[in-house]
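Remarks on the structure that follows.
Derivation of every value follows stated rules applied to the coordinates shown; laboratory data play no part. Because the structure is a prediction, the values reported are computed rather than measured. When we count neighbours, we look across all protein chains shown, and the Cβ atoms used for this are built from the backbone with ideal geometry, even at glycine.
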Amino acid sequence: MTVSAISSASPLTSNASSASSSAAPSAPTVDYTQFLKLLVAELRNQDPTAPTDPTQYMSQLASFSTVEQQVQTNATLDALLSAQASNIIGKTVTSADGKTTGLVAAVELLTGGGAIARLTNGSQVALGPGVTVSGS
């Protein structure tokens, strides 16, 4: 029995930009078309005397669809965070503890989520609950 090769998976990329320099290299992923090709190849090459239960295929397809939707949602949220982060450049921020305040020069989006405001005075403020943003 001959099994045809499936092209290598291309890495998933997000349209949202991140200024973080410590980003880990993204692992190759399988897109929806490649998943379906694998599923069809598995169906074609299964043992006819012991076929796989069709509910297993449906379960795999449902799981893959769920993960794909979550990846798309994360990419959308990253893009939204990028757009919102740029709105505070030029504004004054005060840290949650009130010890650090200053004018925002840049915003760095972190790989795992969240953001850091870099101030014109050289200090940084982690953006999150309790941080105050006011007009310049």
Output for region 30-85, where each listed residue is without any contact (Cβ under 8 Å) to a residue 40 or more places away in the chain and not in a helix (DSSP H, G or I): Val30, Asp31, Gln46, Asp47, Pro48, Thr49, Ala50, Pro51, Thr52, Asp53
Condition met for Ala115 (touching a Leu at 6+ places or on another chain (Cβ under 8 Å) and either exposed (fewer than 11 other Cβ atoms within 10 Å of the Cβ) or under 28 Å from Thr73 (Cβ atoms) (or both)): yes
Cβ pairs under 7 Å, 6+ apart, first in region 105-127 and farther than 17 Å from Leu80 by Cβ, second of a type in the set (Lys, Arg): Ala105/Arg118; Ala106/Arg118; Gln124/Arg118
